[in-house]
Amino acid sequence: MQYAESVIDLVGNTPLVRLSSVTRDLGPDAPLVLAKVEYLNPGGSVKDRIAVRMVDAAEASGELKPGGTIVEPTSGNTGIGLALVAQQRGYKCIFVCPDKVGQEKVNVLRAYGAEVVVCPTAVDPADPRSYYSVSDRLSRETPGAWKPDQYSNPNNPRSHYETTGPEIWAQTEGRITHFVTGAGTGGTISGVGRYLKESSGGRVQVIGADPEGSVYSGGTGRPYLVEGVGEDFWPSTYDQDVADEIIAVSDGDSFAMTRRLAREEGLLVGGSCGMAVVAALRVAERLTKDDVLVVLLPDGGRGYLNKIFNDAWMADYGFLEAAGGETIGELLE
Ligand code: PMP
């Protein structure tokens, strides 16, 4: 019989799939462009990997004790990963989110059994009701609390150095020449990038994809709409020595490509995936068929149905023209 003992054992070992449609303008000398499909992790994103590694390390160091509580200010993929690991290992989870976070995301975390505390955005950070104050207070006052802090936890990049990187190296039989990924905490690019550089003797080129406005591509931290990537500060999980190049991508281009990935490649993925693929294709234009480019797709598209995959939302921001002006409604007719 073939089965896993627990859902945690299903984290990682995600497949690579060739992108054959969005790459068609690259011509006959095009490199092989392969996508690492991270939404096939049980929690639906690449963040399951860091959740397992951070919890394992906290158990080993004694920071997280039996019956303890994981407290983290997150509303997204990291929360889902932590919630499923916590549930399987008998820990409680409390997530603190600002009230701008969609109800669907809160519902997903609650479905896994996590407690979610929603804080008002319209108050000063020093206010006791603020997101920052509440998460600090909860981690101080909750007995057995442990705060993973994905922005400073070395087990975040380490999980990618130990799993994602070796998987890509083995799956491409060491023939990968270019690796492209977005950066939020920077854990993925730093861990995978360092592993691939070391394994190839520095041959593999590592390229970061970044939303226009984020500090990684020289921006001021001004707002953008792609979720999960880019920052307005430099987290310690981001290793500034790994990336050979950072490519800035606009929201409009990211979302147009996200829609193409669903429609043409059968990959219903999130906006940071579209962003990474735009950057990957810009790199691929200067490569040849001897090259092998791997682009990592962090999460699935179900969480974005009311945004990127909603024509009215796209039109409100003027993104439909960038998406070719063709609405999902028109395509159905
Ligand atoms: N895309 C999405 C949707 C994410 O949630 C994240 C994690 N913040 C990333 C990309 C970037 O990953 P990392 O934090 O490892 O840089």
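Residues of segment 258-301 that are part of a helix (DSSP H, G or I) and of a type in the set (V, I, T): T258, V277, V278, V283.
Here A122 does not fit the description of being surrounded by 20 or more Cβ atoms within 10 Å (Cβ to Cβ) and among the aliphatic types (A, V, I, L, M).
Among strands (runs of 3 or more DSSP E) entirely within segment 1-93, having at least 2 residues that are under 23 Å from V106 (Cβ atoms) and touching a helix residue (DSSP H, G or I) at 6+ places or on another chain (Cβ under 6 Å) singles out 69-72.
Only residues that are surrounded by 20 or more Cβ atoms within 10 Å (Cβ to Cβ) and either within 17 Å of the chain's Cα centre (by Cα) or without any contact (Cβ under 8 Å) to a residue 12 or more places away in the chain (or both): list them for segment 228-242, please.
Across segment 228-242, the qualifying residues are G228, V229, G230, T237, Y238.
Restricting L32, L64, L109 to residues that are farther than 21 Å from G187 by Cα and in contact with a Ser or Thr (Cβ under 8 Å, 6 or more places away or on another chain) narrows the list to L109.
Every residue, every condition in (1) closer than 15 Å to D241 by Cα; (2) without any contact (Cβ under 8 Å) to a residue 40 or more places away in the chain; (3) within 13 Å of the ligand (Cβ to nearest atom), yes or no:
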residue: T142; (1), (2), (3): no, no, no
residue: S152; (1), (2), (3): no, no, yes
residue: I168; (1), (2), (3): no, no, no
residue: I176; (1), (2), (3): no, no, no
residue: L196; (1), (2), (3): yes, yes, no
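Annotation: of all residues in segment 177-214 being crowded, with 24+ Cβ neighbours inside 10 Å and of a type in the set (A, V, I, L, M, F, W, C), the one that is nearest to the chain's Cα centre (by Cα) is A183.
Let's see how each residue does on (1) out of contact with any strand residue (DSSP E or B) (no Cβ under 8 Å at 6 or more places or on another chain); (2) modelled with pLDDT of 95 or more; (3) within 30 Å of A4 (Cα to Cα):
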residue: L82; (1), (2), (3): no, yes, yes
residue: Y91; (1), (2), (3): no, yes, yes
residue: A111; (1), (2), (3): yes, yes, yes
residue: E115; (1), (2), (3): no, yes, yes
residue: V118; (1), (2), (3): no, no, no
residue: T121; (1), (2), (3): no, no, no
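The values are calculated or read from the model by the stated rules, or taken from the named source; none is laboratory data. Note that the structure is a prediction, hence the values are computed from the model and not measured. Because the Cβ atoms are built from the backbone with ideal geometry, glycine has one as well, and the counts that use them run over all protein chains shown.
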